[in-house]
Amino acid sequence: MIEHRVFVKEVENRMGMRLLQHDGRLYVRFVGGLALPGLHPGYSVLIGEEATHRKPFPCKVLWEFESNDPYQLIEKVSIEEQKYQATFYGDRERAAPFIRHHNEVARREERESFSIAEAPFLEEGNLSSHLHALNAALAPGNKYLFFGPESDLTERLMQVSTHEVHKLKARDNPAVAALGYAFSIIALYQSNEPRPAEMAITEYDTQRYS
């Protein structure tokens with residue numbers, strides 16, 4: 001499980017494009033996923049889409065958190081949302097009572113309120129579209145989604161058998177659901193900037209992936 005406490009700095013490249021700097025690298029955007037506890041603990045994931053000359057832009061899991069307590073999960077996500085200037089996606093209807101409670105506490109403590117956006121493909125009732133997007137991004141030779149050495153997500157994905165793909169629900173594997181919610185947004189709405197011809201070459205472009 002990865003949990004780092006860091007901050008993001010907003011910068012511009014030579015073409016005046018807005019980028020986000022984190023840990024010595026430039027990112028186009030940060031996108032998160034939140035899945036509440038089900039048969040397993042709830043899970044939250046944050047993905048950074050890195051600004052490089054490579055297309056699609058490499059996507060890296062930067063933060064993940066697991067908890068059986070939905071209130072704790074949402075508290076953690078609300079902190080990361082602000083720190084990374086990120087948008088988190090999930091099942092808004094299911095999360096509503098927990099977010100409402102969080103915001104009531106935040107209001108009393110004079111903190112900012114929190115909300116999530118609706119995750120794609122929820123109407124399908126399973127994770128098959130999310131898994132399709134993840135498998136495409138993890139395919140050998142075309143891989144552009146990367147997990148750190150401390151991540152639990154590789155193991156969680158391996159737990160999904162082929163015959164389960166079309167019936168797997170978020171409550172069955174919240175970790176895969178949270179990852180799928182975040183990454184599906186990136187796959188559906190590919191960023192158009194910075195384009196390779198417009199982005200100044202920096203030391204950030206020398207990152208090698210395995």
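Couple of notes before you dig in:
- Pairs where the first residue, in region 152-164, is without any contact (Cβ under 8 Å) to a residue 24 or more places away in the chain and the second is of a type in the set (Phe, Trp, Tyr) and surrounded by 10 or more Cβ atoms within 10 Å (Cβ to Cβ), C-beta under 7 Å, 6+ apart: 154/147
- Residue pairs whose Cβ atoms lie under 9 Å apart, sitting 6 or more positions apart in sequence or on different chains, and linking a residue in region 6-18 that is surrounded by 11 or more Cβ atoms within 10 Å (Cβ to Cβ) to a partner that is at pLDDT 70 or above and charged (D, E, K, R), are 6/23; 6/83; 7/83; 8/83; 11/18; 18/10; 18/12.
- Any hit, region 137-153, residues being assigned to a helix (DSSP H, G or I) and loosely packed, with under 15 Cβ neighbours inside 10 Å: no
- Subset of region 93-124 (residues that are in contact (Cβ under 8 Å) with a residue 24 or more places away in the chain and farther than 17 Å from residue 183 by Cα): 94, 95, 98, 99, 101, 102, 106, 112, 114
- Residue satisfying all of: in region 25-74; charged (D, E, K, R) and touching a strand residue (DSSP E or B) at 6+ places or on another chain (Cβ under 9 Å); surrounded by the fewest Cβ atoms within 10 Å (Cβ to Cβ) among these: 69
- Flag for residue 75 being free of Cβ contacts under 8 Å to residues at least 24 places away in the same chain and either among the β-branched types (Val, Ile, Thr) or over 16 Å from residue 182 (Cβ atoms) (or both): no
The values are calculated or read from the model by the stated rules, or taken from the named source; none is laboratory data. Since we're looking at a predicted model, the values are computed, not measured. Reconstructed Cβ throughout: ideal geometry from the backbone, glycine too, with neighbour counts over all protein chains shown.
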